[in-house]
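Beneath this line is the structure, given in structure tokens, with notes to follow.
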Amino acid sequence: MKKRTSFSSSVGFVLAAAGSAVGLGNIWRFPYLAAKDGGGLFLVIYIILALTFGFALLTTEIAIGRKTKQSPLTAYKQVHPKFKWIGVFACIVPMMITPYYCAIGGWVLKYFVTFLTGQGEMAAQDGYFGSFITGTTEPIIYMLIFLLATSFVIYLGVEKGIELVSKILMPILLVLVIIIAVFSLTISHTDETGVVRTGLQGLKVYLIPSLAGKTFKDVIIVVMDAMGQLFYSLSIAMGILIAYGSYVQDDDNLMRSINQIEIFDTFVAFFAGVMIVPAVFVFMGQEGMTASGPGLMFVSMPKVFMEMGKAGAFIGIIFFLMVIVAALTSCISIMEAIVSSFIDQFHISRRKATVTVSGIAIVFGILVCLGYNKLYFEVPLPNGAVGQILDIMDYISNNILMPVVAIGTCILIGWVAKPDYVIDEVTKNGSGFSRKELYRVMIKFIAPVMLAVLLLQAIGII
Ligand code: PHE
């Protein structure tokens, strides 16, 4: 049998996995949740969950990947034939996410071009975002550029494509995030009523835990928010970590790599908050933080950059460049989850798999873009929002399929294959596994119960 391709080094693996983990979620949701959920309180809960819940799920998926040396679609049946269905789900999830992630990647690209060509002020005007996404051709063109860039990297392969790109882009991303974060702390603004707000005051809003008036129920909401965010942010249940895990060399120290991935992801999420919360606070006050997702990135942020004056035109360019890097490396990972599945399932070449998967993603990507004009409709979602095609795909994958995949994985490893399946894989080359007992308890009992609560909450039952 042909030897499986692999990452050339553990640094390559860590940066590729961190590239996957650091994505839109870190930038447009983490800071918003932290600001909404009482600043430091959210941060503390998030870190505790990352070291327990996140660590257990991350370890499990990466270990399954390395042990089976298979793609998400084919790995689960190798662990146990009765659990083949998880593999199918773990392949459907990335197939649903890739097209709309490319559509959003295209929006980011459009904003980058807008700022680069000195038209940032236009982007800050009311209705700019709406009129862009409801256009017929522009969003499709930008989506295609983003998608083809992703496909190209995948086509180049694991070492010469994914690993190389991650090694170049991830350090750049870190530098850009730090530049913007430091800048955010230096700004101040006096509003019409004469109130002066500074970046450092904004930092306090972000960091100091506010427990005032919080009931027990509020704290539970913070825990649920942190858990949902963590789950998404670590790219769990998307097939990605199994695919990347399958490219990790047998003598790599998995525990060390996993810790580094978590640190990288949390560091960027934290600094995204330092970058965004003070900037929004200075120009819009605490009420400005009510938007998350596209509303924050494509409506509030351009307004903030405009308020910054000349510096804003420049910071806007750096900001959207940084978001492109974050989104691109995530998109590469999610497309690789599908491509690796096609290679292993149908025994076809990487080239053929990349072309096929890209073709499918293009068709669905176009449908997503048309969902804002020709195919516009409004569907009420169980969480109370009204959605278009993009939101429906996002809702089904994130709120239903991903928790199901993760719960299935916990049952498989916790109860059927047993936690030692993972522990043995991690320690087989003499590497340590420091939180072994915690891992057992997490994967058998706590993680599946927490995930079940997350699932019930996501589908509106509790
Ligand atoms: N961790 C990613 C993020 O925060 C989640 C993701 C990965 C989404 C890959 C899509 C593709 O955005």
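Table for the structure above
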read-out	value
Translational D in µm²/s for region 301-423 (Stokes-Einstein at 4 °C, 1.567 mPa s, Kirkwood Rh from C-alpha pairs)	70
Charge dipole (region 1-82, unit charges on Cβ, about Cα centre) - positive-most of Leu51, Leu41, Phe30	Leu51
Distance cut-off 11 Å, percentage of C-alpha pairs in region 49-89 lying past it	62
Integer Hz, Karplus 6.51/-1.76/1.60 couplings in order for region 3-12, x for Gly and Pro	5, 5, 5, 8, 5, 6, 8, 6, 4, x
Computed over region 143-214: relative contact order in percent, which uses C-alpha pairs under 8 Å that are six or more apart	15
On Cα atoms only, tilt of 164-186 relative to the major axis of the chain in degrees	30
Difference of contour (0.36 nm per residue) and Cα-Cα distance, Arg4 to Ile400	139.4 nm
Heavy-atom accessible area order for Arg256, Arg66, Arg29, Arg351, largest first, 1.4 Å probe	Arg351, Arg256, Arg29, Arg66
Solution diffusion estimate, µm²/s, Stokes-Einstein, region 19-64, Kirkwood Rh from C-alpha pairs, 10 °C, viscosity 1.306 mPa s	135
Cut-off of 10 Å, at most 11 other beta carbons, DSSP loop: longest stretch of the chain lacking such chymotrypsin sites (Phe, Trp or Tyr not before Pro)	1-375
Backbone HN-Hα couplings from phi across region 236-251 [Karplus 6.51/-1.76/1.60, Hz, Gly and Pro as x]	7, 6, 10, x, 4, 5, 5, 4, 5, x, 5, 9, 8, 5, 5, 9
Under Karplus coefficients 6.51, -1.76 and 1.60, residue-wise ³J(HN,Hα) of region 359-371 in Hz, glycine/proline x	x, 5, 5, 5, 4, 5, x, 5, 4, 4, 5, 5, x
Net charge dipole size for the chain [Lys, Arg +1 and Asp, Glu -1 on Cβ; Debye, nearest 20]	1260
Spread of Cα-to-Cα distances over 10 Å intervals beginning at zero, given as percent, for region 404-457	25, 48, 22, 4, 0
Net charge of neighbours whose Cβ lies under 14 Å from the Cβ of Ile389, counting Lys and Arg as +1 and Asp and Glu as -1	-2
Between region 278-324 and region 216-257, the Cα center-to-center distance that results, in Å	28
Diffusion constant of region 98-254 at 25 °C, which comes from Stokes-Einstein with the Kirkwood Cα-pair radius and 0.890 mPa s, µm²/s	121
0 to 90° range, to nearest 10: angle between helix 138-156 axis and the chain longest Cα axis	40
Cα centroid separation, region 394-414 to region 1-64 (Å)	16
Counting all C-alpha pairs of region 1-144, share separated by more than 24 Å (%)	56
Anisotropy class of region 80-175 from Cα gyration tensor, a/c 1.5 cut	oblate
The chain - accessible surface per residue (Å², probe 1.4 Å)	39
P(r) tail fraction, region 142-227 - alpha-carbon pairs more than 15 Å apart, %	77
Prolate/oblate/rounded call for region 241-343, Cα gyration tensor, a/c under 1.5 rounded	prolate
With every protein chain in place, the chain: carbon and sulfur % of accessible area (1.4 Å)	68
Reciprocal mean inverse distance between Cα atoms of the chain - Kirkwood radius, Å	22.4
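The values are calculated or read from the model by the stated rules, or taken from the named source; none is laboratory data. Here the structure is a predicted model, which means the values were calculated and not measured. Quick reminder, even Gly has a Cβ in these numbers, built from the backbone with ideal geometry, and neighbours come from all protein chains shown. Note: areas computed on protein heavy atoms with side chains; ligands, DNA, RNA excluded. Shrake-Rupley method; radii C 1.70, N 1.55, O 1.52, S 1.80 Å.
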